[in-house]
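The values are calculated or read from the model by the stated rules, or taken from the named source; none is laboratory data. If you're wondering where the values come from, they're calculated on a predicted model, not measured in any experiment. Here the Cβ is made from the backbone with ideal geometry for all residues, glycine too, and neighbour counts use every protein chain on show.
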Amino acid sequence: MIELKKKKFLVTGAAGFIGANLILSLLRSLEDIYVIGIDNLNDYYDVSLKEYRLVQIKELEKKTSAKFQFVKADISEKAVIEVLFQIYQPDIVVNLAAQAGVRYSIINPDVYISSNIEGFYNVLEACRHSYDNGAKGVEHLVYASSSSVYGSNEKIPYSVKDQVDHPISLYAATKKSNELMAHAYAKLYNIPSTGLRFFTVYGPAGRPDMAYFNFTDKLLKGKKIQIFNYGNCKRDFTYIDDIVEGIIRVMQKAPERQIGNDGLPIPPFAIYNIGNNHPENLLEFVNVLQQELVNAGVLPKNYDFEAHKELVPMQPGDVPVTYADISELEQNFNFHPSTSLQKGLRQFAEWYKEFYQI
Ligand SMILES: NC(=O)c1ccc[n+]([C@@H]2O[C@H](COP(=O)([O-])OP(=O)(O)OC[C@H]3O[C@@H](n4cnc5c(N)ncnc54)[C@H](O)[C@@H]3O)[C@@H](O)[C@H]2O)c1
């Protein structure tokens, strides 16, 4: 078990949706911690959202005994990452920086290689060298993987025991590669690492490229929303607070370091699914979103939703059902996501109304 109080955390993707919420929760719940947040603030989506999240963190920091340092940097720049690790010497590293999105990896593949492959390699190298000259170094590396590693697997729910050798997007291939790289580094350099396969995370100040956010933007502009696979899609939607709770639980328990018969480390390596274990049909999801957008006053009561819906076929790289077997996270970490879709989407709709001043 790792005591998180008074520790130094390095979080990459700090201005991102999950990263910023993780940092807020760390600041709120732990005394005397030091959080170093790295982000390149790229414009894959509206940068003002990333800036808004950083302002929230800075404001909260003032009310706590914790310290937060933001560094605008790109994890694909090896020398920069090396220096940051040398200066700050983090105890716990959470790598959430990545180029996300399945569809964007089809039109802009280069950035997936630089951020997700080279960037993650740089983080691993920095963790490796954190032990140089007998230093205590990094106690636990937690990093983001994705449900997309399951590719077109047909066995549902997806289990971490399933084979995941058939990615169907470059994004998924980079995330699977991260898991393989982490395993090699765990074996070679005894870096305790845990990969988390996230399943569709949503909530206030979330990612505008994701369906619930994008649908809301479009409906507000009077545009039609496209519902893929004619609505026959099922997703494990997980509310951000549940995800953050899970990440913090995982951060506290690194896989154990042990030496094997070959005199080398048995890789201190773990992978978990982190989702809701409760798949929702896309059409039902859209219905709840509609209700909550009306309740929050984002859209008028008489909005003609039917006229703004278009049922379309499947997109390349997408899969019809993603749904997590989270039994290992439940058993090992007592993780039980508890936020209903209605409550989660209500939080989103209310935030949206306020943020965009509707
Ligand atoms: N949100 C989800 O539903 C979901 C699902 C599966 C996996 N994930 C993974 O979880 C992680 C966090 O996702 P998110 O939803 O918060 O995405 P996000 O895009 O909001 O956050 C990622 C952050 O990383 C930053 N970033 C990207 N490339 C960088 C680089 N090279 N150097 C420094 N910073 C960089 C971005 O500016 C962004 O702020 C990602 O690794 C993503 O692939 C998320």
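Going by what's in this entry, would residue 335 be described as part of a loop (DSSP other than H, G, I, E, B), among the hydrophobic types (A, V, I, L, M, F, W, C) and touching a residue at least 60 places away in the same chain (Cβ under 8 Å)?
yes
Is it fair to say residue 190 is away from the ligand (no atom under 14 Å from the Cβ) and at positive phi?
Working: away from the ligand (no atom under 14 Å from the Cβ): yes; at positive phi: yes.
So residue 190 passes the test.
When residues of the range 279-302 are filtered for being assigned to a loop (DSSP other than H, G, I, E, B), surrounded by fewer than 16 Cβ atoms within 10 Å (Cβ to Cβ) and in contact (Cβ under 8 Å) with a residue 12 or more places away in the chain, how many remain?
Residues meeting the conditions: 1.
Identify, by number, the condition in (1) in contact with a Lys or Arg (Cβ under 8 Å, 6 or more places away or on another chain); (2) at pLDDT below 95; (3) surrounded by fewer than 17 Cβ atoms within 10 Å (Cβ to Cβ) that residue 167 doesn't meet.
Just one mismatch for residue 167, condition (3).
So which residues in the range 225-247 are at pLDDT 95 or above and more than 16 Å from the ligand (Cβ to nearest atom), if there are any at all?
225
Within the range 193-206, restricting attention to residues that are outside any loop (DSSP other than H, G, I, E, B) and of a type outside the set (S, T, N, Q), which residue is farthest from the ligand (Cβ to nearest atom)?
195
Is one or more of the residues making up the range 229-241 within 12 Å of residue 142 (Cα to Cα) and either among the basic types (Lys, Arg) or assigned to a loop (DSSP other than H, G, I, E, B) (or both)?
The answer is no, given that none of the residues of the range 229-241 is within 12 Å of residue 142 (Cα to Cα) and either among the basic types (Lys, Arg) or assigned to a loop (DSSP other than H, G, I, E, B) (or both).
Let me confirm something: among 185, 143, 171, 212, which residue is within 14 Å of the ligand (Cβ to nearest atom), in contact with a helix residue (DSSP H, G or I) (Cβ under 8 Å, 6 or more places away or on another chain) and closer than 30 Å to residue 260 by Cβ? Outline the logic, then answer.
Details: 185 fails: within 14 Å of the ligand (Cβ to nearest atom); 171 fails: closer than 30 Å to residue 260 by Cβ; 212 fails: closer than 30 Å to residue 260 by Cβ.
Result of the check over 185, 143, 171, 212: 143.
Looking at this structure, is residue 121 surrounded by fewer than 20 Cβ atoms within 10 Å (Cβ to Cβ) and part of a helix (DSSP H, G or I)?
It is true that residue 121 is surrounded by fewer than 20 Cβ atoms within 10 Å (Cβ to Cβ) and part of a helix (DSSP H, G or I).
Checking residue 21 against (1) within 14 Å of the ligand (Cβ to nearest atom); (2) more than 20 Å from the chain's Cα centre (by Cα): exactly one of these is not met. Which one?
Among (1) within 14 Å of the ligand (Cβ to nearest atom); (2) more than 20 Å from the chain's Cα centre (by Cα), the lone unmet condition for residue 21 is (2).
Which of the numbered conditions does residue 4 fail, given that it passes all the others? Conditions: (1) in contact with a Pro (Cβ under 9 Å, 6 or more places away or on another chain); (2) more than 16 Å from the ligand (Cβ to nearest atom); (3) not β-branched (Val, Ile, Thr).
Status for residue 4: all satisfied but (1).
Which members of the range 38-68 meet the condition of being more than 15 Å from the ligand (Cβ to nearest atom) and either among the small types (Gly, Ala, Ser) or surrounded by fewer than 16 Cβ atoms within 10 Å (Cβ to Cβ) (or both)?
58, 59, 62, 63, 65, 66, 67
Does at least one position in the range 130-138 carry a residue that is under 21 Å from the mean Cα position of the chain (by Cα), of a type outside the set (Lys, Arg) and surrounded by 20 or more Cβ atoms within 10 Å (Cβ to Cβ)?
Of all residues in the range 130-138, those under 21 Å from the mean Cα position of the chain (by Cα) come to 138.
Pick out the ones that are also of a type outside the set (Lys, Arg) and you get 138.
Still in the running and surrounded by 20 or more Cβ atoms within 10 Å (Cβ to Cβ): 138.
Taking every residue of the range 130-138 in turn, at least one turns out to be under 21 Å from the mean Cα position of the chain (by Cα), of a type outside the set (Lys, Arg) and surrounded by 20 or more Cβ atoms within 10 Å (Cβ to Cβ).
Does residue 209 satisfy the criteria of being farther than 19 Å from residue 296 by Cβ, under 22 Å from the mean Cα position of the chain (by Cα) and not in a helix (DSSP H, G or I)?
yes
Have a look at 105, 114 and point out the one that is farther than 27 Å from residue 27 by Cα and near the ligand (Cβ under 8 Å from one of its atoms).
114
I need the full set of residues from the range 89-118 which are surrounded by 19 or more Cβ atoms within 10 Å (Cβ to Cβ) and among the small types (Gly, Ala, Ser), in order please.
97, 98, 100, 101, 105, 115 - these are the residues of the range 89-118 that are surrounded by 19 or more Cβ atoms within 10 Å (Cβ to Cβ) and among the small types (Gly, Ala, Ser).
Read through the list (1) within 13 Å of the ligand (Cβ to nearest atom); (2) farther than 17 Å from residue 34 by Cβ; (3) assigned to a helix (DSSP H, G or I); (4) at pLDDT 95 or above, then give the number of the only condition that residue 84 fails.
Here residue 84 meets the rest and fails (2).
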